1. Quick check: Cα centre of segment 135-149 to Cα centre of segment 165-189, how many Å?
2. Which ³J(HN,Hα) values in Hz, rounded to whole numbers, follow from the phi angles of segment 322-329 under the Karplus curve 6.51 cos²θ - 1.76 cosθ + 1.60, where θ = phi - 60° and Gly and Pro get x?
3. Once you charge only the Cβ atoms, +1 for Lys and Arg and -1 for Asp and Glu, what is the size of the charge dipole of segment 189-298 about its Cα centre, to the nearest 20 debye?
4. Just want to confirm a number: the relative contact order over the chain, from Cα pairs under 8 angstrom separated by 6+ residues, in percent.
5. Give a residue-ordered list of calculated ³J(HN,Hα) values for segment 299-316 (Karplus: 6.51 cos²θ - 1.76 cosθ + 1.60, θ = phi - 60°; whole Hz; x for Gly, Pro).
6. Once you list every other residue whose beta carbon is under 13 Å from the beta carbon of residue 349, what net charge do they have if Lys and Arg are +1 and Asp and Glu are -1?
7. Relative contact order, percent, of segment 103-163 when contacts are C-alpha pairs under 8 Å separated by at least 6 residues?
8. Give the span of the chain's Cα atoms along each principal axis, as three whole-Å numbers ordered largest to smallest.
Amino acid sequence: MIGVTLESVSKRFPGTGDAAAVDGVDISIDAGEFFTLLGPSGCGKTTTLRMVAGFYFPTSGRIRFGTEDVTRKPPNRRDTGMVFQNYALFPHMSVAQNVGYGLKIRKVRGAEARRRIAEALEQVHLGGYGDRRIDQLSGGQQQRVALARALVIRPRTLLLDEPLSNLDAKLREETRAEIRRIQREAGITSIYVTHDQAEAMAMSDRIAVMEAGRVQQIGTPQEIYHRPANTFVARFIGRSNVLSLPVLAAGAESVDVRLPNGASRTVAAPPGHDLAGSDTALVSIRPEHIGLAAPDDPEALPGRITDLEFTGMATNLTVEVSGQELMVAAVEVPGGPAVGDRIGLRLPAARMWVVRP
Ligand code: ATP
């Protein structure tokens, strides 16, 4: 197993002006890790993955597989397995022929090829499907064939570009669990590209959140969810309230902020923040972490409900507090309030976190 390192990797396409598609990306992926590039359309995920695969060369920066510098190596000298959104299977070939294609190119033939094809099909739970035609398979099965075809060559890294986008919601969830099982069993360093944050959270050991060609944050799903680095990450991952609050005092890893009702909270802040007394801090809190209280509760922020929606799992409320609208997700809403009603909100300090702009 080997890790993959990107050092200050940038990519500019000719004729696209000053904007870099990928801009100074530093990522260090551990051996055996399932690492995801996550971000909105056009943020540079696919370009980054293609540079790891060797389809594009970086304009500047280095890419290493383990200690080996692969920056300028062509794709066929990198030993990567690729899985794409559109499967890219050969429709006129059988499942076994599709899976065996990479072996043929590598001149693995006969009994050895048959054994490895059977093994790869077993790995993706498609043993016995070797003689089927591709068009006799479901979308999920086709994607598993694509995975078997990538794994059969025993690549050093597995690169997956939105492999689930063509599947319906239920199949997508089943297949993502299947991909994760196969990746764990094979113990293969994997880089996964998606714009779907739920998919990224469910599958990844770590995630790099990208925007406009830059990495905004790298962390475990828990770190990114509970400690978003900036307002972009806070809003892109799940739903988040970002409040502008006056700073009363600032410490190295926390700041005291004043809530609209005059109460103060000591809130954790990222190390190295540059906030000082009299600045305004941006403080994030998730809708599910805000508690409900009676409107006259002295401990709570008084607000007014401006919107209310029942989703089954929770009730989503929009509550206006001193001119700022807060999203609240409550499992239980006592008293059956309605739009226009006054309500109190509890903001626990432990659930609040200072984000960068
Ligand atoms: P999506 O989720 O839509 O695939 P992405 O995050 O994968 O988006 P990229 O495909 O990496 O984004 O594109 C990043 C930027 O680079 C975009 O602005 C895109 O228009 C530009 N770009 C990508 N490929 C090329 C190319 N071959 N020539 C010129 N510009 C390109």
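1. 12 Å
2. Taking θ as phi minus 60°, the curve returns 6, x, 10, 9, 10, 8, 10, 10 Hz for segment 322-329.
3. 120 debye
4. On the way: 769 pairs, mean separation 54.6, N = 357.
Normalised by residue count, the contact order of the chain is 15 percent.
5. 7, 9, 7, x, x, 10, 6, 10, 7, 8, 8, 9, 9, x, 6, 8, 9, 9
6. Details: positive: 258, 265, 346, 351; negative: 256, 299.
Residues near residue 349 contribute +2 overall.
7. RCO, segment 103-163: 34 percent.
8. Extents along the principal axes, in whole Å: 79, 45, 36.
We did not get these values from a lab; they are worked out from the coordinates using the rules stated. Worth saying up front: this structure is predicted, and the values here are computed from it rather than measured. As a convention, Cβ positions derive from the backbone with ideal geometry for all residues, glycine included, and neighbour counts pool all protein chains shown.
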